[in-house]
Amino acid sequence: MRLYCPLCGNILVVEDGQESFQFACSTCPYVHNMSKLSSRTYPKMKEVDDVLGGKAAWENVDSTEEPCPKCHHPRAYFMQMQTRSADEPMTTFYKCCNAECSHRWKE
């Protein structure tokens, strides 16, 4: 819920008042006291798909001699994907071959 200042039209912000919370304007002296704060609702987060295809994308990839920056294992799986425009080079994604680490990074 957004409330706007009736004097200047700016968005009112919630402040901790003397006895309760209050809506206050940050540019003019307008203040609107709230009687009580009943509940808070948070927006539902959007579900995001794994851009690289999840676990299935890493099943049939090759490995190379690239040390892991986290555990320093000497080999890593890699795959290349075009993430930017066609005139830019491909992005190389790495995943550590150490099953305990499985750190992911890109170049």
- Across the chain, how many lysine pairs, 8 or more positions apart or on different chains, have C-alpha atoms separated by under 14 Å? Please give the number. 4
- For HIS103, list long-range residues whose amide hydrogen, built 1.01 Å from N in the peptide plane, is under 5 Å from its own amide hydrogen. CYS96
- Item | the stretch 54-106 - percent relative contact order, Cα under 8 Å, separation 6 or more | 27 percent
- Quick one: what does P(r) look like for the chain with 10 Å bins over all Cα pairs, in whole %? 12, 25, 15, 7, 17, 21, 3
- Task: Give the relative contact order (percent, whole number) for the chain; include only Cα pairs under 8 Å separated by 6+ residues.
- Result: 12 percent
- Task: Compare the peptides 62-68, 42-48 by average per-residue count of other Cβ atoms within 10 angstrom and give them in order, highest first.
- Result: 62-68, 42-48
- Is the stretch 46-99 best put as rounded, prolate or oblate by its Cα gyration tensor, with a ≥ b ≥ c the root eigenvalues, rounded for a/c under 1.5, and otherwise prolate when a/b is larger than b/c, oblate when not? oblate
- Message: What distance in nm separates the two pseudo spin-label positions at MET34 and MET90, each 7 Å out from Cα along the beta-carbon direction?
- Response: 5.3 nm
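Each value in this text was obtained by applying a stated rule to the coordinates, not by laboratory testing. None of these values were measured; they are calculated from a predicted model. In this analysis, Cβ positions are derived from the backbone assuming ideal geometry, glycine residues included, and neighbour counts consider all displayed protein chains.
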